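**Student:** One structure follows; several queries about it will come next.
The values are calculated or read from the model by the stated rules, or taken from the named source; none is laboratory data. A quick note: this is a predicted structure, and the numbers were derived from the prediction, not measured. Glycine also receives a Cβ, built like all others from the backbone with ideal geometry; neighbour counts cover every protein chain displayed.
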Amino acid sequence: MSLADLKLRLAQSQGLIIAVVVFVLMFTLYIANHPAGLTVPVVTTAANKAVLLALVSMAQTLPVLTGGLDLSVGMVFVMTNCLASTLVSGSPLEVALGIVVVLLAGAAAGFVNGAIVVYGRLQPIITTLATGAVYYGIALLLRPVPGGEVQEDLADFMTWTVFDTVPTSLLLLLAVVLLVWLPFRNSVVGRGCYAVGSAEGAAYMSGLPVGRSRLAAFTLSGLLAGIAGLMLTFVTFSGEASAPIGGTYTLNSIAAVVIGGTSLYGGAGGAIGSIFGAFILRTIDDLLFVFDLPPLWQPLFQGVVLLGAVSLGAARVFRIRNRLELFN
Amino acid sequence: MTHEVVTEAQAPLPHRATPFWQMHGITKRYGGILALDDVDFACERGEIHAVLGENGAGKSTLIKIAAGVVTPSEGKLMLEGHEVGFATPQEANAAGIVCIFQELSLMPDLSVADNICMANPPGRFGFINHRAQRRRAEALLARVGCEDVNPLELVKNLPLSRRQMVEIAKALGREPRMLILDEATSALTAADVGKVYGILRDLRRDGLAILYISHRMHEIEELADTCSVFRNGRHIETFAKGARSDNEIIRLMIGREYTQVYPPKPAHREPPPPALTVKDLSWGRRLKNVSLNVGKGEIVGLGGLDGQGQRELLLALFGVLRGVSGAVEVDGKAARLSSPGQAKSDRIRMALIPEDRKSEGLLLPMSVRDNISMASIGRFTQGPGGMFIDRARQDARIDEMVARLSIKCGDTDSPVGTLSGGNQQKVVIAKWLMTEARVILLNDPTRGIDVGTKQEIYQLLRELADAGTAILFYTTDYDELIGCCDRVSIMYDGGIVRELKGEAINEENILSSALNIDLNTGPNQPAAAGEPRA
């Protein structure tokens with residue numbers, strides 16, 4: 001790759017690079033001020049919390065890339081959590097079958113979103129607001145009160161480490177990136193999603209299957225939210241139909257997507273940026289913890305840091321000398 | 001329908017009993033509107049077939065049907081004598097019909113290579129082979145003479161003229177048997193237009209059928225083998241190039257006698273008092289010490305190759321650019337222009353008719369009425385502190401404008417997006433006439449507009465000038481510089497290299513100054529500083 005190519009690549013992944021740098025700085029600050037320092041338990045605890053939001057943020061990234069927000073990812077997350085807390089237990093065969101059903105349920109929820117958006121020609125934001133309520137309703141029916149169980153050995157393994165060094169949850173995230181995200185990004189359908197988000201009319205005129213691309217994006221989004229729901233079950237050992245959890249994860253996933261450099265207009269960005277966006281959001285909480293801020297100050301501080309992080313990505317505005325470009 | 005084609009450049013093809021592409025009795029209705037009315041049309045391989053007609057003549061509908069974007073209400077399509085039907089652009093592509101549309105079909109956030117290989121990327125099992133894709137993009141870019149474009153660059157970072165070349169490369173990558181170009185050269189630089197001509201001639205020799213839609217008569221003269229004229233959704237006539245004179249063709253297109261394109265220029269006179277004076281205007285590396293003046297009642301043309309700073313000059317004057325140095329005076333008063341709002345204020349009263357009417361000129365979903373009043377709402381207020389809009393007074397002025405510009409719209413309350421291109425552009429002009437501007441800046445206002453509307457716009461500009469308005473008119477069409485302008489300033493590399501007046505405004509002078517060469521010292525000698533300016 002020539003120098004000019006490298007420059008272009010760097011310029012095009014500016015959002016991702018900023019997110020990685022900001023995360024590394026924040027996490028270093030966190031570890032430096034943590035009483036225990038860089039130890040396996042500290043990292044594993046941080047990873048387990050961060051991976052949940054990272055997976056939900058990856059799920060959010062796909063609809064955003066096609067140019068629409070998905071307000072139901074948090075609810076699919078909660079619904080699959082409740083489903084997993086009833087299915088993923090018993091014999092190894094039952095556990096395996098349960099996992100498959102949970103993931104299929106997530107994908108099905110995403111497929112329904114996509115089908116309504118594509119064939120019903122409705123706005124994603126309002127469609128998923130409605131279907132999100134439906135998925136929450138299903139979660140409530142599955143688990144009216146918190147509880148349930150999950151295969152404990154598996155849960156322990158998933159929330160602990162491999163060879164006592166690397167958190168299993170991080171490996172799961174890596175596997176999702178390598179086996180789901182990267183193949184998707186390099187596939188014809190995946191590029192179709194970028195094309196649809198960038199200019200839907202042009203994508204159609206280029207002979208792309210516009211509807212199928214969008215449907216794939218939503219379905220994969222549901223699957224990723226389902227993986228996150230499964231992971232939540234391993235972390236909490238139970239299921240809970242919690243509207244606050246669903247809502248918080250949905251909104252934080254949007255923030256993570258933006259911090260990670262994906263354009264809310266669609267067409268540019270990617271899920272890896274969103275992972276680091278999620279890590280940044282999580283590290284804010286951890287920083288507040290190690291610096292021992294009074295709890296009353298936390299939401300305010302969180303908001304300020306979030307604004308700062310988003311502003312970094314918008315700094316290009318100061319370099320614009322043709323005011324018309326502000327609107328593009 | 002067969003016709004003899006008289007072009008010596010054309011390779012002899014075996015005579016076919018059935019034409020390559022035929023459309024029989026095609027009718028297309030949109031609601032109550034008849035876009036195409038029982039049209040028969042045929043196109044052969046190895047010919048460049050020009051489709052002519054005003055905006056709204058049915059050309060767009062015709063090619064949209066061929067490209068699978070629109071399905072006809074009646075009639076049948078025949079490819080090599082077999083009946084075909086396309087439900088989507090993909091199906092038309094699969095049959096070898098590829099269209100380059102006027103609205104670019106590129107995805108701005110994706111790379112050039114992604115865009116070029118969008119429809120059929122190299123690779124296996126649904127995964128894209130990026131290396132192969134890049135090689136293919138490089139080969140196609142080289143084919144259209146754009147080796148300077150990096151395939152990794154995002155399309156949105158390319159200038160419009162490069163994007164159009166990428167669009168052509170993309171179309172060639174689909175291995176068309178019939179290529180349709182809809183105003184494909186409207187945004188190209190003169191050098192690129194030449195390249196495109198060369199490519200099209202090569203493709204013709206390779207036996208492609210080429211449908212070519214353009215509003216530029218000289219392009220048709222240069223390229224076409226056969227011409228078909230459309231008017232009001234009907235196919236009027238098909239003839240071999242040269243069989244009809246320009247005037248006859250234009251008469252067929254507009255259905256009436258074509259008298260004179262440009263209104264007469266006023267006789268030579270004393271230089272008028274300056275209305276707009278620009279001194280040493282600079283902006284980064286794009287504008288270099290530009291000085292010019294436009295007198296009251298004068299039309300001054302801005303010429304030169306595309307992208308020499310003409311657009312930036314107009315945007316700088318209108319307060320869109322940041323960090324501009326130099327002095328601007330309007331009617332002798334110093335004007336500090338830091339926003340379009342200020343430029344149009346009562347003190348200055350400047351107007352800019354922008355280049356892209358769809359994104360910078362119009363609010364497409366809003367009504368014709370709202371669009372026309374958009375820039376002048378402040379002039380029609382009443383009540384305490386001018387809080388309310390005086391609808392009656394405003395509507396009377398709007399109706400006056402619609403009548404004056406003969407804007408054809410069913411109802412001034414219908415969305416402006418439903419109007420034809422020419423009428424949309426008239427709405428943009430009406431919007432700025434409402435502000436009673438003293439200085440009007442025009443940025444290539446006739447691009448993609450039909451002959452009839454163009455003529456009306458020329459007439460209007462002259463009327464405005466006669467009423468004392470100062471007009472600075474940038475156009476990529478040399479004919480307009482010659483026909484419309486009292487003086488012409490040619491820009492090159494961000495500066496004005498030459499000013500032409502009176503008889504000196506001719507194609508030879510414009511072209512040589514645009515290329516910054518002095519014809520007297522030889523074609524390849526770049527002039528040191530152009531001729532001294534008046």
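**Student:** Inspect the range A:194-206 for any residue being among the charged types (D, E, K, R) and crowded, with 24+ Cβ neighbours inside 10 Å and give the result as yes or no.
**Tutor:** As a first pass, look at the range A:194-206 and keep what is among the charged types (D, E, K, R): A:200.
Then keep just the ones that are crowded, with 24+ Cβ neighbours inside 10 Å; that gives none.
Checking the range A:194-206: not a single residue is among the charged types (D, E, K, R) and crowded, with 24+ Cβ neighbours inside 10 Å.
**Student:** What number of residues in the range A:17-48 are modelled with pLDDT of 90 or more and within 15 Å of the chain's Cα centre (by Cα)?
**Tutor:** 2
**Student:** Looking at B:ALA94, B:ALA67, B:ALA50 in this structure, which one is under 29 Å from B:ARG162 (Cβ atoms), surrounded by fewer than 17 Cβ atoms within 10 Å (Cβ to Cβ) and of a type outside the set (Asp, Glu)?
**Tutor:** Values: B:ALA67 fails: surrounded by fewer than 17 Cβ atoms within 10 Å (Cβ to Cβ); B:ALA50 fails: surrounded by fewer than 17 Cβ atoms within 10 Å (Cβ to Cβ).
None of the other options fit; the residue is B:ALA94.
**Student:** Among the residues that make up the range B:269-288, is at least one of them surrounded by 21 or more Cβ atoms within 10 Å (Cβ to Cβ), away from chain A (no Cβ under 14 Å) and in contact with a Lys or Arg (Cβ under 7 Å, 6 or more places away or on another chain)?
**Tutor:** Within the range B:269-288 (the criterion being surrounded by 21 or more Cβ atoms within 10 Å (Cβ to Cβ), away from chain A (no Cβ under 14 Å) and in contact with a Lys or Arg (Cβ under 7 Å, 6 or more places away or on another chain)), the answer is yes, since at least one residue qualifies.
**Student:** Condition first: surrounded by 15 or more Cβ atoms within 10 Å (Cβ to Cβ), more than 14 Å from chain A (Cβ to nearest Cβ) and either part of a strand (DSSP E or B) or without any contact (Cβ under 8 Å) to a residue 60 or more places away in the chain (or both). Now tell me which residues in the range B:323-344 satisfy that. Lay out the reasoning, then the answer.
**Tutor:** Taking the range B:323-344 and keeping what is surrounded by 15 or more Cβ atoms within 10 Å (Cβ to Cβ), we get B:324, B:326, B:328-331, B:335, B:337, B:340, B:342-344.
Subset that is more than 14 Å from chain A (Cβ to nearest Cβ): B:326, B:328-331, B:335, B:344.
B:GLY326, B:VAL328, B:GLU329, B:VAL330, B:ALA335, listed by residue number.
**Student:** Additional query: Would you confirm whether or not the range B:361-371 contains a residue that is within 14 Å of another protein chain (Cβ to nearest Cβ) and acidic (Asp, Glu)? Spell out how you get there, then give the answer.
**Tutor:** Initially, the range B:361-371 is screened for residues within 14 Å of another protein chain (Cβ to nearest Cβ), giving B:361, B:363-364.
With acidic (Asp, Glu) added as a condition, the list becomes none.
No, that holds for no residue.
**Student:** Here is a further query. Under the condition of being closer than 23 Å to A:ALA271 by Cβ and touching a residue at least 24 places away in the same chain (Cβ under 8 Å), which residue from the range A:18-43 is surrounded by the most Cβ atoms within 10 Å (Cβ to Cβ)?
**Tutor:** Looking only at the range A:18-43, we keep the residues that are closer than 23 Å to A:ALA271 by Cβ, and these are A:18-27, A:43.
If we keep only those that are touching a residue at least 24 places away in the same chain (Cβ under 8 Å) as well, we get A:18-20, A:22-23, A:26-27, A:43.
Working: A:ILE18: 19, A:ALA19: 29, A:VAL20: 19, A:VAL22: 21, A:PHE23: 23, A:MET26: 19, A:PHE27: 20, A:VAL43: 17.
The qualifying residue surrounded by the most Cβ atoms within 10 Å (Cβ to Cβ) is A:ALA19.
**Student:** Quick one: A:ALA202 ticks every box in (1) free of Cβ contacts under 8 Å to residues at least 24 places away in the same chain; (2) touching a strand residue (DSSP E or B) at 6+ places or on another chain (Cβ under 9 Å) bar one, so which box is it?
**Tutor:** Failed condition: (2).
**Student:** I need the full set of residues from the range B:381-403 which are in a helix (DSSP H, G or I) and free of Cβ contacts under 8 Å to residues at least 12 places away in the same chain, in order please. Before the answer, list the steps.
**Tutor:** First pass over the range B:381-403, keeping only residues in a helix (DSSP H, G or I): B:384-386, B:391-403.
Within the range B:381-403, B:PRO384, B:GLY385, B:GLY386, B:ARG391, B:ALA392, B:ALA396, B:GLU400, B:ALA403 qualify.
**Student:** Hey, another quick one. Any residue at all in the range B:359-369 that's touching a Ser or Thr at 6+ places or on another chain (Cβ under 8 Å), in a loop (DSSP other than H, G, I, E, B) and of a type in the set (D, E, K, R)? Spell out how you get there, then give the answer.
**Tutor:** Here is the first cut: in the range B:359-369, the ones touching a Ser or Thr at 6+ places or on another chain (Cβ under 8 Å) are B:367-369.
Next, from what is left, pick out any that are in a loop (DSSP other than H, G, I, E, B): none.
No, the range B:359-369 contains no residue that is touching a Ser or Thr at 6+ places or on another chain (Cβ under 8 Å), in a loop (DSSP other than H, G, I, E, B) and of a type in the set (D, E, K, R).
**Student:** Another one. If a residue counts only when it is at pLDDT below 90 and touching a strand residue (DSSP E or B) at 6+ places or on another chain (Cβ under 7 Å), which helices (runs of 4 or more DSSP H) contained entirely in the range B:172-269 have at least 3 such residues?
**Tutor:** Details: elements: B:190-205, B:217-223, B:246-254.
In the range B:172-269, B:246-254 are the helices (runs of 4 or more DSSP H) which contain 3 or more residues that are at pLDDT below 90 and touching a strand residue (DSSP E or B) at 6+ places or on another chain (Cβ under 7 Å).
**Student:** Kindly check whether there is at least one residue in the range B:230-239 that is farther than 27 Å from B:ILE510 by Cα, of a type in the set (Phe, Trp, Tyr) and buried (at least 22 other Cβ atoms within 10 Å of the Cβ). Spell out how you get there, then give the answer.
**Tutor:** First, pick out the residues of the range B:230-239 that are farther than 27 Å from B:ILE510 by Cα: B:230-239.
Filter once more, keeping what is of a type in the set (Phe, Trp, Tyr): B:230, B:239.
Checking the rest, the ones that are also buried (at least 22 other Cβ atoms within 10 Å of the Cβ) come to B:230.
Yes, the conditions are met somewhere in the range B:230-239.
**Student:** Now for a different question. Given (1) closer than 17 Å to A:GLY68 by Cβ; (2) free of Cβ contacts under 8 Å to residues at least 24 places away in the same chain, identify the lone condition not met by A:PHE289.
**Tutor:** Failed condition: (1).
**Student:** Check A:LEU293 against each of (1) in contact with a Ser or Thr (Cβ under 9 Å, 6 or more places away or on another chain); (2) part of a loop (DSSP other than H, G, I, E, B) and name the one condition it does not meet.
**Tutor:** (1)
**Student:** Can you tell me which condition B:LEU208 does not meet? The list is (1) buried (at least 16 other Cβ atoms within 10 Å of the Cβ); (2) under 23 Å from B:GLU54 (Cα atoms); (3) more than 18 Å from the chain's Cα centre (by Cα), and all the others hold.
**Tutor:** (2)
**Student:** In the range B:432-475, which residues are within 20 Å of the chain's Cα centre (by Cα) and acidic (Asp, Glu)?
**Tutor:** B:ASP444, B:ASP450, B:GLU456, listed by residue number.
**Student:** Restricted to the range B:294-307, and to residues that are part of a loop (DSSP other than H, G, I, E, B) and in contact with a helix residue (DSSP H, G or I) (Cβ under 8 Å, 6 or more places away or on another chain), which residue is surrounded by the fewest Cβ atoms within 10 Å (Cβ to Cβ)? Write out each step before concluding.
**Tutor:** Of all residues in the range B:294-307, those part of a loop (DSSP other than H, G, I, E, B) come to B:296-298, B:304-307.
Within this subset, residues satisfying the condition of being in contact with a helix residue (DSSP H, G or I) (Cβ under 8 Å, 6 or more places away or on another chain) are B:297-298, B:304-307.
Values: B:GLY297: 20, B:GLU298: 23, B:GLY304: 28, B:LEU305: 19, B:ASP306: 19, B:GLY307: 17.
Filtering first and then ranking leaves B:GLY307.
**Student:** Given B:ALA534, B:ALA514, B:ALA467, which one is at pLDDT below 90 and surrounded by fewer than 17 Cβ atoms within 10 Å (Cβ to Cβ)? Talk me through it step by step, then tell me what you get.
**Tutor:** Working: B:ALA514 fails: surrounded by fewer than 17 Cβ atoms within 10 Å (Cβ to Cβ); B:ALA467 fails: at pLDDT below 90.
From the options B:ALA534, B:ALA514, B:ALA467, the qualifying one is B:ALA534.
**Student:** Inspect all residues belonging to the range A:7-19 and state whether any of them is of a type in the set (Val, Ile, Thr), closer than 23 Å to A:LEU171 by Cβ and not in a loop (DSSP other than H, G, I, E, B). Working first, answer last.
**Tutor:** Our first condition is that a residue be of a type in the set (Val, Ile, Thr); within the range A:7-19, this holds for A:17-18.
From what's left, closer than 23 Å to A:LEU171 by Cβ: none.
No: the range A:7-19 contains no residue that is of a type in the set (Val, Ile, Thr), closer than 23 Å to A:LEU171 by Cβ and not in a loop (DSSP other than H, G, I, E, B).
**Student:** Could you tell me how many of the residues in the range B:165-192 are within 15 Å of the chain's Cα centre (by Cα) and within 13 Å of chain A (Cβ to nearest Cβ)?
**Tutor:** 1
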